[in-house]
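Please treat every number below as a calculation from the coordinates, not as lab data. Predicted, not measured: the structure shown is a model, and the values here were computed from it.
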Amino acid sequence: MDANKVELLHKDEAFKIVGACMAVHNELGSAFLEPVYQEALAIEFEKRGVPFKKEQRLEIFYKENKLEKKYYADFLCYDQIVVELKACSGLNEQHLAQALNYLSALRLKLALLVNFGQPRLQWRRVVLEKAAQNRISDHSRKSLAFISGKEEK
């Protein structure tokens with residue numbers, strides 16, 4: 001492989017997910033709230049044969065104690081890609097932090113942030129770097145905490 005080429009993590013699977021998101025956006029446009037896109041995307045995933053779990057629950061631990069508060073990722077696709085939907089004016093650092101936290105909690109490496117709130121579908125690949133994972137001690141690995149990450153380009 002050429003040293004200048006970067007192999008994208010879960011490239012084919014992410015391509016299928018983004019294609020499904022584009023189909024939903026092309027059909028519905030940008031005027032709805034997130035739950036509408038989530039429901040439509042589940043239908044599109046089914047149609048395209050993309051394996052998914054809707055509203056994947058994240059358990060959060062604090063000092064080895066499981067907290068009652070739960071968070072839910074919009075989708076977990078292929079058992080390895082978090083898909084977090086938005087319907088807003090634009091993706092921001094809080095959305096990136098949310099995706100990184102979900103990756104940390106699920107011990108996964110790739111999330112797709114997808115924003116349906118723009119005239120053109122907006123999406124970002126979010127990768128939890130191995131270096132960031134290595135900085136997490138075994139004790140705190142179960143905690144949902146902000147881990148710095150890097151977007152693939």
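What to note about this one:
- Proximity of backbone amide H atoms, modeled 1.01 Å from N, is registered between Y62 and L67 at under 5 Å, excluding neighbours fewer than 5 places apart on the same chain.
- Alpha-carbon Debye profile of segment 46-112, log10 I(q)/I(0) at 0.15, 0.16 Å⁻¹: -0.52, -0.58
- Percent breakdown of C-alpha pair distances by 10 Å bin, ordered from the shortest bin, for segment 11-142: 12, 43, 32, 12, 1
- What the phi angles of segment 108-114 give under the Karplus curve with 6.51, -1.76 and 1.60, with θ = phi - 60°, is a coupling list of 10, 10, 10, 10, 10, 8, 10 Hz, glycine and proline written as x.
- Amide H contacts of Y71 (H built 1.01 Å from N, under 5 Å, at least 5 apart or other chain): L58
- Separation of the alpha carbons by more than 32 angstrom is noted, of K11/K66; K63/K109; K11/K63; K16/K63, for K11/K66; K11/K63; K16/K63.
- Phi to ³J(HN,Hα) by Karplus 6.51 cos²θ - 1.76 cosθ + 1.60 over segment 115-123, Hz, x for Gly, Pro: 10, 8, x, 10, x, 10, 4, 10, 8
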